[in-house]
1. With closer than 30 Å to S320 by Cα and loosely packed, with under 14 Cβ neighbours inside 10 Å as the only criterion, which of E169, E179 stands out?
2. Could you tell me whether any residue of region 208-225 is within 13 Å of L314 (Cα to Cα) and either assigned by TED's automatic domain parsing to the domain that holds H316 or among the polar types (S, T, N, Q) (or both)?
3. Is it the case that V253 is assigned to a helix (DSSP H, G or I) and touching a helix residue (DSSP H, G or I) at 6+ places or on another chain (Cβ under 8 Å)?
4. Can you name every one of the helices (runs of 4 or more DSSP H) wholly within region 288-376 that holds 2 or more residues which are surrounded by fewer than 18 Cβ atoms within 10 Å (Cβ to Cβ) and not assigned by TED's automatic domain parsing to the domain that holds F249?
5. Please go through (1) under 19 Å from the mean Cα position of the chain (by Cα); (2) among the charged types (D, E, K, R); (3) loosely packed, with under 13 Cβ neighbours inside 10 Å for K108 and return the number of the only condition it doesn't satisfy.
6. Counting only residues that are over 30 Å from E254 (Cβ atoms), give me the helices (runs of 4 or more DSSP H) lying completely in region 121-229 with at least 2 of them.
7. Counting only residues that are more than 15 Å from D70 (Cα to Cα) and modelled with pLDDT of 95 or more, which one in region 137-152 is surrounded by the most Cβ atoms within 10 Å (Cβ to Cβ)?
Amino acid sequence: MSVRKKIVMTKGEPVTWWLADYFDGTGRRHQRRFPTKREATAHHDQTKTAIRAGQHVSLSADLTVAIAADKWLKKVDADGRERATLKTYGEHVKHHIKPRIGKQPLAKMTRGHVEHFRDSLLSGDKALSRILARHVMVSFKSILKNAGVGHLGDHVRIEKATRTRQRLEVGRDIPTTQEVARMVNAASGRMRTLIMTAASTGLRASELRGLRWSDVDLKSSELHVRQRADRFNVIGSPKSEGSHRTVPFGPGVELALKEWKLACNGSGDLDLVFPTLSGAVERHGNTLRRFERIQVKAGVVDKAGKPKYALHALRHFFASWCINRKADGGRELPAKLVQSYLGHSSITMTLDVYGHLFPSNADRAELAASEKALFG
């Protein structure tokens, strides 16, 4: 293995290149040229270490990012990922990865190419939102990893824009207790029970649509989240391991569920709690439109007379209800239990979203008494 200078004549002018010359683990010779000695040496040293560790991947000269992306999508499909997930990854590849860097040969890719791709996601005429850019970047790095060159994306990332994140607010993002009560009173039958269940258990819309009567224990007043319905109405496992959970509910929800079970006249072969009239999985859009009509009927609208909340707002309400002090009508539960009920994968996620809602421990009377004892 070596790094050496090479001067070639281009259009009558001498041009200097630096070659990184090496043999891979199979004995195949490779030559990569770089404009500077520093880049050539860095590639040489990195490759030498990878070969000795048995981690070096010999890439075909015609393997481009686009081809590697297609191979990655096939692997994701073969791994049995949900149809909705595969669709999202496919959109990342089609609309953002291939147009920007699809023609780049992987054999000639450097960290600089990865950094340039990252920057292109955030700037220029076709810049993406930071959230979407982060998701696309994760997909791109997965493509590199699947192709055996994941090291090129090491430490190249898009950080969260924590400073610009808008905190959830009661009355804007989270329904008030009075608003939830008005919606429940304005609803009937299926939607009344669904709203009560969502507000009292924090289930995601997909989990409500996939909830079975066999997962509802009316004797112990608790439900078990064991499956969900995706955007294509396909029943599958919950979002993550943490999403498998048991959530208790009170006597009001218990009575509503019992009444609804008698009124719905069976749930079809799928045994769903909130199915269509034929017993099939209800579409999310249909449920949302019914929820919006109930908000209008209940007067839960903005200044323009439009419904204030999406269905997910009831999950936010449940979280705030669990967090609020008992003196304010809440349950004052510890953060770890709130995380468990919400099905978050980590307590960090719970605190990132709802941390500002937890009551302050500052007790003015206690502080005054402690200060008096300290200073007299």
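1. Working: E179 fails: loosely packed, with under 14 Cβ neighbours inside 10 Å.
Being closer than 30 Å to S320 by Cα and loosely packed, with under 14 Cβ neighbours inside 10 Å holds for just one of E169, E179, which is E169.
2. yes
3. Values: assigned to a helix (DSSP H, G or I): yes; touching a helix residue (DSSP H, G or I) at 6+ places or on another chain (Cβ under 8 Å): yes.
So V253 fits the description; yes.
4. Values: elements: 313-323, 335-342, 347-354, 364-375.
Of the helices (runs of 4 or more DSSP H) lying wholly inside region 288-376, those with at least 2 residues that are surrounded by fewer than 18 Cβ atoms within 10 Å (Cβ to Cβ) and not assigned by TED's automatic domain parsing to the domain that holds F249 span 364-375.
5. Status for K108: all satisfied but (1).
6. Numbers: elements: 130-146, 177-186, 189-201, 205-210.
The qualifying helices (runs of 4 or more DSSP H) are 130-146.
7. Here is the first cut: in region 137-152, the residues more than 15 Å from D70 (Cα to Cα) are 137-138, 149-152.
Retained after the next criterion (residues that are modelled with pLDDT of 95 or more): 137-138.
Details: M137: 23, V138: 14.
Within region 137-152, the match that is surrounded by the most Cβ atoms within 10 Å (Cβ to Cβ) is M137.
Residues checked against (1) over 28 Å from E82 (Cβ atoms); (2) in contact with a His (Cβ under 9 Å, 6 or more places away or on another chain); (3) surrounded by 15 or more Cβ atoms within 10 Å (Cβ to Cβ); (4) free of Cβ contacts under 8 Å to residues at least 12 places away in the same chain:
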site	(1), (2), (3), (4)
S200	no, no, yes, no
H224	no, yes, yes, no
S237	no, yes, no, yes
F249	no, no, yes, no
V253	yes, no, yes, no
K258	yes, no, no, no
L262	yes, no, no, yes
N265	yes, no, no, yes
V273	no, no, yes, no
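The values are calculated or read from the model by the stated rules, or taken from the named source; none is laboratory data. Remember, predicted model here, so these are calculated numbers, not experimental data. Every residue, glycine as well, gets a Cβ built from its backbone with ideal geometry; the counts of neighbours run over all protein chains shown.
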